[in-house]
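Just below is one structure, and these are the notes that go with it.
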Ligand SMILES: Nc1ncnc2c1ncn2[C@@H]1O[C@H](COP(=O)(O)OP(=O)(O)OP(=O)(O)O)[C@@H](O)[C@H]1O
Ligand SMILES: [Mg+2]
């Protein structure tokens with residue numbers, strides 16, 4: 001069951017001459033899944049989120065969120081969603097709690113329910129003991145947590161997170177990613193954008209790769225990776241007897257191809273974990289010593305490179 | 001409604017935590033008024049608010065057959081001149097017994113007392129050869145600025161006219177004598193006295209300042225009007241400060257984020273409008289109360305003051321919002337806003353006070369909402385009632401409604 005259905009969404013800023021930021025994007029998000037939009041700077045991720053948040057009017061196409069059109073039924077859409085904007089959008093001269101209370105009111109909460117939710121969210125973002133401090137005294141990671149917390153107050157059915165981990169330390173990033181996975185496990189549907197390949201890979205049930213406003217591939221991580229083939233590359237160096245070793249490795253179970261690239265061997269293998277010990281055994285039997293090993297599993301980075309001819313991060 | 005209030009309360013709280021904004025909204029008008037009020041010496045020419053004059057007419061009418069002038073009181077003639085319609089914008093005259101007249105000057109209720117002596121008529125109408133002398137006493141409070149000297153010059157003018165009349169009477173008497181009537185010598189001498197002294201009068205104005213010390217004179221006019229002008233002027237800036245948060249919130253992303261919540265856009269903008277209005281309303285209330293506490297300003301009747309404050313807040317907030325709805329960036333808002341408010345302040349008399357009605361300047365002032373508000377404050381300070389400020393409140397409100405409507409129209413297009 002899809003809770004978000006995006007149909008040929010288009011956005012041109014300042015028509016007729018402005019940037020075509022989103023150019024006919026379509027995808028679905030199933031109930032309870034994490035869907036990531038992965039793409040480089042300027043790919044149109046934030047523009048897509050803005051249209052799905054009813055902040056920007058699409059130039060064309062439509063999207064149904066929880067069954068409601070973002071074009072014709074924005075009020076119902078807004079009740080169903082929580083939006084975490086890319087840049088921190090909070091009041092720095094107010095405390096964490098004051099911010100949460102204010103935004104909770106804007107989401108229609110009031111009275112005891114509001115206070116309870118604020119307490120719960122403070123717990124969730126682990127800022128209970130700092131709740132009375134003004135936001136301007138917070139670290140970047142703490143502000144990011146409040147920025148996310150605001151969007152959770154009204155328990156949205158769908159949560160949009162626009163690059164929520166940009167510019168923070170690894171520890172804060174870890175806790176945010178774990179938090180997102182926990183939300184998914186509680187049944188929340190999440191639309192996540194990022195230009196970090198590893199994040200998309202780790203978090204997502206499904207991923208859409210976007211570039212220049214277009215969706216160039218959609219699928220699970222494994223499905224996408226298959227675009228570049230399933231085999232891992234293994235690069236090997238030995239102290240001597242390279243030609244003989246390549247011939248022997250070619251016979252090893254699980255190796256589909258073995259070749260020499262100048263001063264080292266390049267092997268394509270089906271499962272590096274299984275194959276690597278056999279490669280070492282073969283080398284030892286031949287009296288040769290492996291001095292360097294490099295395994296490259298197929299990944300989204302390679303998919304992006306394959307599809308666009310450019311690296312994901314320039 | 002509660003969401004509108006939530007937005008307004010958030011903005012009010014932000015303003016209260018913003019020390020530079022508070023300084024500009026509250027400290028600046030109060031400090032400037034204290035300075036200006038001091039410079040003007042606590043009363044006088046800043047405004048045309050009429051000088052209050054108490055008149056004690058002790059004069060006894062004379063019935064002289066010899067002078068040929070009908071029985072009359074010269075004292076009442078002087079009172080009549082002071083009360084003449086041409087002077088009603090300059091002098092506000094009340095007749096009182098002598099003790100009460102002096103008291104009202106001592107108490108600061110009048111800038112000067114004019115005391116007409118009992119022998120005034122008899123001196124004016126005397127044809128006696130030895131010209132008797134008497135004096136109108138001008139009892140004036142020197143701390144009341146130039147109110148006293150205005151009174152003095154008017155009384156002088158009146159006496160000049162009376163002495164002229166007396167000279168004419170003398171001349172008439174002289175003609176009669178020439179026709180063979182009695183004591184011609186004496187009359188001729190009297191006329192000679194007049195002419196010889198260059199028409200100098202038989203009556204002089206004597207000034208006697210009241211005893212200082214004791215009860216300090218109450219400051220009625222000037223500081224109140226200066227502060228009223230400053231208050232309206234700085235309310236424009238107060239409003240602009242809050243209205244500008246629409247632009248800064250747009251920049252900081254909180255406004256777009258608000259637009260992603262289920263709170264409708266009209267409620268969000270309504271909240272911004274409310275916070276602008278409530279902030280300047282609070283500003284005005286604080287300034288009025290501070291004026292009362294620090295400068296002992298008697299603002300006038302409570303209902304009148306309340307109406308004027310509400311109207312002023314409506315004008316200031318609507319104009320602030322209109323300016324913000326037109327400009328693109330917070331920086332533009334600062335520059336363009338300051339220009340608009342300064343021009344309005346100058347035209348509306350925020351720095352100069354209300355002009356005398358009928359003059360070109362007064363007409364210009366009445367083209368501005370703040371000019372009308374100042375007229376209202378002038379009347380309130382002079383003890384006017386609700387009936388006196390109907391136009392000074394209604395006209396600014398019309399301005400406010402137009403400004404609000406334009407601002408709503410602009411914002412709707414912008415955030416559609
Ligand atoms: N308000 C705007 N007016 C005009 N052009 C815009 C506007 N916002 C974005 N763009 C343009 O639209 C394109 C897509 O921008 P968008 O912010 O959606 O990309 P993004 O994928 O979110 O990038 P990033 O990873 O840097 O956040 C870019 O070329 C950008 O310059
Ligand atoms: Mg973005």
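The values are calculated or read from the model by the stated rules, or taken from the named source; none is laboratory data. Small disclaimer: the values here were computed from a predicted structure and weren't measured. For neighbour counting, all protein chains shown are included, and Cβ atoms are generated from backbone atoms with ideal geometry for every residue, glycine included.
Restricting attention to the range A:227-253, report how many residues are part of a helix (DSSP H, G or I) and either loosely packed, with under 13 Cβ neighbours inside 10 Å or without any contact (Cβ under 8 Å) to a residue 60 or more places away in the chain (or both).
Residues that pass the stated criteria total 9.
Exactly one of these conditions fails for residue A:19: (1) within 16 Å of ligand 1 (Cβ to nearest atom); (2) touching a residue at least 60 places away in the same chain (Cβ under 8 Å). Give me its number.
Every condition holds for residue A:19 apart from (2).
Given the residues B:289, B:242, which is the only one that is out of contact with any strand residue (DSSP E or B) (no Cβ under 7 Å at 6 or more places or on another chain), at negative phi and either outside any helix (DSSP H, G or I) or buried (at least 17 other Cβ atoms within 10 Å of the Cβ) (or both)? Outline the logic, then answer.
Values: B:289 fails: either outside any helix (DSSP H, G or I) or buried (at least 17 other Cβ atoms within 10 Å of the Cβ) (or both).
Checking each option against the conditions leaves just B:242.
Only one of B:79, B:69 is modelled with pLDDT under 70, buried (at least 16 other Cβ atoms within 10 Å of the Cβ) and not assigned by TED's automatic domain parsing to the domain that holds residue B:383. Can you tell me which?
Among B:79, B:69, only B:69 is modelled with pLDDT under 70, buried (at least 16 other Cβ atoms within 10 Å of the Cβ) and not assigned by TED's automatic domain parsing to the domain that holds residue B:383.
Checking the structure you have, find out if any residue of the range A:150-160 is away from ligand 1 (no atom under 16 Å from the Cβ), more than 27 Å from residue A:301 (Cβ to Cβ) and out of contact with any strand residue (DSSP E or B) (no Cβ under 9 Å at 6 or more places or on another chain).
So far as the range A:150-160 goes, no, none of its residues is away from ligand 1 (no atom under 16 Å from the Cβ), more than 27 Å from residue A:301 (Cβ to Cβ) and out of contact with any strand residue (DSSP E or B) (no Cβ under 9 Å at 6 or more places or on another chain).
Could you check the range A:65-87 and list, in sequence order, the residues that are at the interface with another protein chain (Cβ under 8 Å from one of its Cβ atoms) and surrounded by 21 or more Cβ atoms within 10 Å (Cβ to Cβ)?
Scanning the range A:65-87 gives A:78, A:81, A:83, A:85.
Of the residues in the range B:272-297, how many are without any contact (Cβ under 8 Å) to a residue 40 or more places away in the chain and touching a helix residue (DSSP H, G or I) at 6+ places or on another chain (Cβ under 7 Å)?
Here the count works out to 2.
Any chance the range A:29-39 includes a residue that's within 13 Å of ligand 1 (Cβ to nearest atom), within 14 Å of another protein chain (Cβ to nearest Cβ) and crowded, with 19+ Cβ neighbours inside 10 Å?
The first filter runs over the range A:29-39 and keeps only residues within 13 Å of ligand 1 (Cβ to nearest atom), leaving A:36-39.
In the following step, the residues that additionally are within 14 Å of another protein chain (Cβ to nearest Cβ) were identified as none.
Checking the range A:29-39: not a single residue is within 13 Å of ligand 1 (Cβ to nearest atom), within 14 Å of another protein chain (Cβ to nearest Cβ) and crowded, with 19+ Cβ neighbours inside 10 Å.
Within the range A:1-19, restricting attention to residues that are within 16 Å of ligand 2 (Cβ to nearest atom) and in a strand (DSSP E or B), which residue is farthest from the chain's Cα centre (by Cα)? Step through it out loud before you land on a result.
Filtering the range A:1-19 down to residues within 16 Å of ligand 2 (Cβ to nearest atom) leaves A:9, A:11, A:13, A:19.
The next check asks that each one be in a strand (DSSP E or B); those that pass are A:9, A:11.
Values: A:9: 20, A:11: 22 Å.
It comes out as A:11.
Keeping to the range A:179-193, report how many residues are more than 16 Å from ligand 1 (Cβ to nearest atom) and either closer than 19 Å to residue A:85 by Cα or in contact with a strand residue (DSSP E or B) (Cβ under 7 Å, 6 or more places away or on another chain) (or both).
Number satisfying all stated conditions: 8.
This table checks each residue for (1) in contact with a strand residue (DSSP E or B) (Cβ under 7 Å, 6 or more places away or on another chain); (2) in a loop (DSSP other than H, G, I, E, B); (3) within 15 Å of ligand 1 (Cβ to nearest atom).
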{"site": "A:47", "(1), (2), (3)": "yes, no, yes"}
{"site": "A:55", "(1), (2), (3)": "no, yes, yes"}
{"site": "A:71", "(1), (2), (3)": "yes, yes, no"}
{"site": "A:76", "(1), (2), (3)": "yes, no, no"}
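Of all residues in the range A:41-64, count the ones that are within 12 Å of chain B (Cβ to nearest Cβ) and either touching a residue at least 40 places away in the same chain (Cβ under 8 Å) or more than 16 Å from ligand 2 (Cβ to nearest atom) (or both).
Here the count works out to 8.
Only one residue in A:208, A:179, A:187 is within 20 Å of residue A:27 (Cβ to Cβ) and assigned by TED's automatic domain parsing to the domain that holds residue A:24. Which one? First the steps, then the outcome.
Values: A:179 fails: within 20 Å of residue A:27 (Cβ to Cβ); A:187 fails: within 20 Å of residue A:27 (Cβ to Cβ).
Checking each option against the conditions leaves just A:208.
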